[in-house]
Amino acid sequence: MLPVLIKGPRRNDVELSITSAFPAGTLQVSLGTPKSINEGAVRMIPLHIEVPPGAAPVNLMGGSENNDYGKILVGTTHPEVKELQILVRFAVE
């Protein structure tokens, strides 16, 4: 689980959605239930990342190019930050 923290005056209005996950079928990504923390000053949304049993072999442990990593794109309703990109290092043998 990776906590996504949202702060500021729009924290309760911003919604997140999973736009894509690469490689498809190998990275399974979902969003958990939002929770207010720090006396309501921060909104935390759990981002669950899973590599399911039986996933095809892949080596995305990183290198010099962005395509050497797994990639998760998270869409937002924030007026200035429309998308978050999360690079993921992992390998399946």
* Hey, rough spin-label estimate for VAL58 and ARG10, points 7 angstrom out along Cα→Cβ, what's it come to in nanometres? -> 3.0
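Once you sort the root eigenvalues of the Cα gyration tensor of the stretch 29-68 as a ≥ b ≥ c, which label holds: rounded (a/c under 1.5), prolate (a/b larger than b/c) or oblate (the other case)? Walk me through the numbers before you get to the answer.
Numbers: a/c = 5.45, a/b = 2.00, b/c = 2.73.
Oblate is the answer for the stretch 29-68, as a/c is 1.5 or above yet b/c matches or exceeds a/b.
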* the stretch 1-28 and the stretch 68-93: distance between their alpha carbon centers, rounded to Å -> 8
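For the chain, what does the relative contact order come out to in percent, with C-alpha contacts under 8 Å and a separation of six or more? Mind dumping the intermediate values first?
Numbers: 177 pairs, mean separation 29.4, N = 93.
The value is 32 percent.
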* Structure fact -> Heavy-atom accessible area of GLU80, protein chains in place, probe 1.4 angstrom, given in Å² to nearest 10, is 150
* Going out from 0 in 10 Å bins, what whole percent of all Cα-Cα distances in the chain drops into each bin? -> 15, 43, 28, 13, 1
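Could you provide, to the nearest whole Å², the per residue accessible area of the chain with probe 1.4 Å?
Working: 5960 Å² over 93 residues.
Per residue, the chain has an accessible area of 64 Å².
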* Structure fact -> Label model pair ILE37, ARG89: point-to-point distance (7 angstrom along the Cα→beta-carbon line) in nm is 2.3
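The values are calculated or read from the model by the stated rules, or taken from the named source; none is laboratory data. Not measured: the values here are computed from a predicted model. Every residue, glycine among them, receives a Cβ derived from its backbone with ideal geometry; neighbour counts consider all protein chains shown. Surface accessibility is based on the protein's heavy atoms, side chains included, excluding ligands, DNA and RNA. Shrake-Rupley method; radii C 1.70, N 1.55, O 1.52, S 1.80 Å.
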